[in-house]
Every structure is written in structure tokens, then in C-alpha cells.
Amino acid sequence: VRGALSKHEPSLGFYSSGDHSVVENHIDALEYAHVQLSIASWWGPGSKLDRARISLLMDKSVENRSASDPQVKWSVYHEDEYDLDQSPDAIKDDLDYLKKWFTWHPAWAYVDNRPVIFVYNEGGSVDEGCDVVNRWMTAGDGEWYVVLKVFKDYLTCKTQPDSWHQYAPGKDAIDESYAFGVSPGFWRAYDEEPKLKRVTKPKFCANVQRMVQSPAQWHLITTFNEAGEGTMIESSEEWKSNSGYGYYLDCLHDYP
């Protein structure tokens, strides 16, 4: 990331996310941790070999499970919204692309019979935030289950999305009505100091216990393998355990 290696190295080493054995390892780890939904970053049609990458993730999710009901379902995190402020027509083009290539797959996540999409939108002023809501709900036209990122006074918008989430890796836990989230740490590859020091096993397990007890719709983990931001919980020698999965995944396994 910006010419710097990540602060933490996975047990698998620095790998390619297109490697079949790596994906199989990841699906196994997600299942061990009782993860039901995994959200893959996406930067628009044709970006970063998306058709091959996302299809592989979903295909591997059904290989050892019932093809009609895999444990791990998938959605994408629409990253471009943060910078592009796309028009409803441009957003619809993205959504149509996702429908064509991915949402028919049995491993795509649905809520209320609609495909789920998470959006990494900017906060900004209330007017800017409400504009994001209006654009996305217009583009989705009731056919998508749209989960937007919260911003200041988000509940004052006349139009509301289907659900809300927060991306806050700098906090070891967030406890909100819409979501409970946990983070194991936050140290980007190019930063000299961490935004959040690595969370200890007792603290992370305690946060997971609180999350499991939360009535919030979303129980979010930031993140499984975002090594560049130093938020990963996948296995590493730094937090190895007897299970082989590492103690962060052990906590999730122990508190389903």
C-alpha cells in the first residue's frame, strides 16, 4: 500500500486473492468463525478482475455445502461512491452489472427477497448525506436492499435506506441500534503509528460476546483480511492459537 508492506503478515504469506487454495482456506476460516455474510470491496464494473474474483469466492462457498444454501453468503462494498458521487443512472448501471454477473448466484446475500449491497459513502453535511440516500434509493427502485454508511443526523433525511452500517476500524467496538461492530486493530501500512493498537484476546472475546448478545441487525467484523489497513483477523503467527485459526477467529468460533 503506497509502497509499504502491511504491518501484519497472514499465516498464508503475502498471497494472491485469486489463488484457489487461498480462497478455500478463507472460506474454511469464515465457516469456522460462524460468519454468514462476507462483504467484498468493489470498485465498479470490470475492476480488479471482479468477475473472476467474486465468482470464485461464491463458487467456493457452495462447493462443500448445499448449493442452494451455503453458510457464507456474499455482497459487495461499493467503494466508488465515496469519491464519485454517481448519478442515479450511473448507480443503476452498476447495479444492473451486478445483477447480470452475480446476484443470481446462490451465494449472493438477500434480505426481504432483494439482493443486498453495502455502500461506502462519504459523510459530509446533512444535505450531502441525504443526497446520497436519494440517489441510491432512486437507483435501487425498491429492487435492492441498500445498506448505507451513517453520517451526522442521518435519521433526519426524509428518505431512508433499507438499513444503515458504520465502518469504524479505529474503535475496538461500536454498539449502535443498527449494528454492532468489532475491530482487532487499525494500523495502515503507510502509517508510523496505529490508529488502534492490536486488541488483546480477552478484550476481543469480550467484545464478541457483547456483539452476539446485541439485538442489532448487523454484527460486523472489521475486517477479515484487509491487511493493508492492519485490520485483519485471519490467521497470523502474531496471534496464533492451537486451533490453527488464530485467537481472533477462535473468539468468533466460541461465541456463535
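The values are calculated or read from the model by the stated rules, or taken from the named source; none is laboratory data. Quantities reported herein were computed from a predicted structural model and do not represent experimental measurements. With ideal geometry, Cβ positions are generated from the backbone for all residues, glycine too; neighbour counts draw on all protein chains shown. Heads up: the accessible areas ignore ligands, DNA and RNA and are worked out on the full protein's heavy atoms, side chains in. Shrake-Rupley method; radii C 1.70, N 1.55, O 1.52, S 1.80 Å.
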Among 200, 222, 103, residue whose mean-square fluctuation peaks in a GNM of the chain (springs only between Cα atoms under 10 Å): 200
Sum up the charges of everything whose Cβ sits under 12 Å from the Cβ of residue 245, counting Lys and Arg as +1 and Asp and Glu as -1, but leave residue 245 out. -4
Would you mind working out the magnitude of the charge dipole of the stretch 203-242 relative to its Cα centre, with +1 at each Lys and Arg C-beta and -1 at each Asp and Glu C-beta, to the nearest 20 Debye? 280 debye
Size of electric dipole in the stretch 70-183: Cβ of Lys, Arg +1 and of Asp, Glu -1, about Cα centre, debye, nearest 20: 460 debye
What are the residues whose amide H is under 5 Å from the amide H of residue 236, where those residues sit 5 or more places off or on another chain and H is modelled from the backbone? 11
Using a 1.4 Å probe and counting only protein heavy atoms, arrange 223, 159, 138 so the residue with the most accessible area comes first. 138, 159, 223
Suppose every Lys and Arg Cβ carries +1 and every Asp and Glu Cβ carries -1, with no other charges. What dipole size does the stretch 138-243 come out with about its Cα centre, to the nearest 20 debye? 380 debye
Charge context of residue 131, other residues only, Cβ under 12 angstrom, K/R +1, D/E -1: -3
Karplus 3J(HN,Hα) series, Hz, for the stretch 221-235 with 6.51 cos²θ - 1.76 cosθ + 1.60 (x for Gly, Pro): 10, 10, 9, 6, 9, 7, 5, x, 9, x, 10, 6, 10, 4, 4
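Using the Kirkwood radius built from alpha carbon pairs, what does the Stokes-Einstein equation give as D for the chain at 4 °C and 1.567 mPa s, in µm² per second? Write down the numbers at each step before the final one.
Details: Rh = 19.0 Å.
It diffuses with D of about 68 µm²/s by this estimate.
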Below 12 angstrom from the Cβ of residue 13, what's the summed charge of the other residues (Lys, Arg +1; Asp, Glu -1)? -4
Other-chain or far-sequence residues with amide H under 5 Å of residue 246's (modelled H): 241
